[in-house]
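A short worksheet on the structure shown next.
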Amino acid sequence: MFSFVKNRFYFYALAFGLFLFSIVSPWIFNLNQGIDMTWGVQIEYNVDWVSLESTVSSLKETIIPQVKNSLPSDQQAIITDTLVYQISGTKHIVVEAGINEAAAQIDGKSDLPRIEAAKTAFNTAVKKELDKIAGATVIEAQYRNVGASFGDYIKKSGYLTLILAIIAISLYIQYAFRGSIAGMASWPFAVVTTISLAHDVVIAFGLYVVTSHFFPEFKIDTFFITAMLTVLGYSINDTIVVMDRIRSNLQHPKTAKGSFSSLIDTSIWDTMRRSLFTTFTIVIVLVAMFFFGPESIKGFTLALIFGTLVGAYSSICIASPLLVDLTGKK
């Protein structure tokens, strides 16, 4: 039987390497953030009497590039990355455009009139081209303008929420396992939980940053933060299953006679089938959603895929073997 405890340092090395890479990934690759994290505009158009798929394709391939090239050079520099997608089940198409604040500064201060003029010119030009395709007046259903201060607030509150969620889950694990094992404190379970959850979020973040560098449509936004919170819930559920089996084996007269290392290996293998089957089932659903679901949630789904796979790895290869080192192998 393969020993996860004996080979744990290989797992630690891989996890530590990926963790460090994920931390520095925003500096290696440009951090591709959505407009709700930075400064930008989101316009929702109600388009009838035309094929929405062909309209979205035309916007991506021809209309948006032509519109940006038709703007004055100073406005072209202000309007940056764009994203176009259809809202599933509706006749609405959403166009998002990021804003390069540095391109509209005078003496170190943002030239707000120039920025607003660039937004208006971009919106007017896009709507004019859509009117030509639809053969009628396209209705602007919603215009969302995200300022830099609001983007900073969303960013800070999202990261703070993730940190508080990890701390709260870890404290609950310490409370739930208190006094359950004679002669063993519950704090190692809380520490293991904190390390494994931080591992899952950071590495999933790093993988997503690398992907967004090569595929700009995947952006760090509120959907990504939501996906990471969902990953925390799944990952801790998988980790608790293994830890609960460790607790049960420690309390059982037959399985508690061996060494702690062998008991942890036994507990991991006892729950291996359940862990792999659960992960495999979730990934199948997520992959189906990624390829056949709405385009607007592809980034959310991809983040869940990364988090689910990394969470399964930490639950099996990191969390349980780490108990051996934290408890002094007693």
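Each reported figure results from applying straightforward, stated rules to the coordinates on display, with no laboratory input. Worth saying up front: this structure is predicted, and the values here are computed from it rather than measured. Here the Cβ is made from the backbone with ideal geometry for all residues, glycine too, and neighbour counts use every protein chain on show.
Site pair M1 and V24 shows an inter-label distance of 4.0 nm when each label is modelled 7 Å from Cα along Cα→Cβ.
Within the straight-line cut-off of under 15 Å between alpha carbons, the aspartates and glutamates reachable from K119 are E44, D74, D81, E96, E101, D111, E140, sequence neighbours fewer than 8 places apart in one chain being disregarded. The angle between the Cα long axis of helix 187-214 and the longest principal axis of the Cα atoms of the chain comes to about 30 degrees, rounded to the nearest 10.
Between the helical axis of 298-313 and the dominant principal axis of the chain, each derived from Cα atoms, what acute angle in degrees is found, rounded to the nearest 10? It is inclined by approximately 10 degrees.
Of the residues D200, D81, D36, the one that moves most in a GNM of the chain with alpha-carbon contacts below 10 Å is D81.
Which length gain, in nm to one decimal place, applies between Y12 and R273 when the Cα-Cα distance is subtracted from 0.36 nm times their residue separation?
Details: separation 261, 0.36 × 261 = 93.96 nm, distance 2.24 nm.
Difference between extended and current length: 91.7 nm.
Select from Y175, Y45, Y208 the residue whose mean-square fluctuation is largest in a Gaussian network model of the chain (Cα-Cα springs shorter than 10 Å). Judging by the Gaussian network model, the answer is Y175. Legend: translational diffusion of the chain by Stokes-Einstein, Rh = Kirkwood radius over C-alpha pairs, 10 °C, 1.306 mPa s; D = 71 µm²/s. Note on the chain: GNM, Cα springs under 10 Å; of V283, V209, V231, the largest mean-square fluctuation is that of V283. The angle between the Cα long axis of helix 8-28 and the longest principal axis of the Cα atoms of the chain comes to about 20 degrees, rounded to the nearest 10.
In debye, nearest 20, what is the charge dipole magnitude of the range 40-146 about its Cα centre with +1 on Lys and Arg Cβ and -1 on Asp and Glu Cβ, if you could check? Could the numbers behind the result be given before it?
Working: 10 positive and 14 negative charges, 26 e Å.
The calculated dipole for the range 40-146 is roughly 120 debye.
Estimated at 0.36 nm per residue, the fully extended path between F214 and S157 surpasses their Cα-Cα distance by 17.8 nm.
Run the helix sum for the chain: -39,500 (n - 2.57) per DSSP H stretch of 4+ residues, divided by residue count, reported at 222 nm to the nearest 500 deg cm²/dmol. Before the final figure, lay out each step's value.
Values: 11 runs with 207 residues, N = 330.
So the helix-based figure for the chain works out to -21500 deg cm²/dmol.
Checking the Cα-Cα distances for K60/K91; K91/K132; K156/K219; K68/K156 against a 23 Å cut-off, the pairs over it are K68/K156. For the chain, the dipole from Cβ point charges (+1 on Lys and Arg, -1 on Asp and Glu) about the Cα centre works out to 1500 debye, to the nearest 20.
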